[in-house]
Amino acid sequence: MNKRLYRSNRNRMLCGVCGGIAEYLNVDPAVVRLVWIVFCALGGSGALVYLIALILMPRRPVGI
């Protein structure tokens, strides 16, 4: 079975990007969110990457 990166429907705070990454990496979503906050605090590059991921990552289909 191919592992695909989707935005999460279950683990979402804003748009499900961090939750989807956490599901893909099989880690706790809080860890991914904390890392994302650190990237945002260090020059704001995390916000830009989040917006790019939001545009590029498809939403998880309902049946999967």
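What whole-number value in Å² describes the accessible area per residue of segment 1-57 for a 1.4 Å probe?
Here the residues of segment 1-57 average 71 Å² of exposed surface.
Counting only protein heavy atoms and a 1.4 Å probe, tell me what percentage of segment 1-61's accessible area is made up of carbon and sulfur.
Carbon-and-sulfur percentage of accessible area, whole number: 67.
Measuring from label point to label point, each 7 Å out along Cα→Cβ, what is the Phe39 to Leu56 span in nm?
1.0 nm
On a 0 to 90 degree scale, rounded to 10, what angle separates helix 45-56 from the longest Cα axis of the chain?
20 degrees
In nm, give the distance between the simple-model label positions of Leu5 and Asn26, each being 7 Å from the Cα along the Cα-to-Cβ direction.
So the two model labels end up 1.8 nm from each other.
Take the Cα atoms of the chain, build their convex hull, and give its volume per residue in Å³.
82 Å³
The values are calculated or read from the model by the stated rules, or taken from the named source; none is laboratory data. For clarity, every value in this text was computed on a predicted model and none was experimentally measured. Cβ: placed from backbone, ideal geometry, glycine included. Neighbour counts: every protein chain shown. Accessible surface is based on the protein model in full, side chains and every heavy atom, while ligands, DNA and RNA are left aside. Shrake-Rupley method; radii C 1.70, N 1.55, O 1.52, S 1.80 Å.
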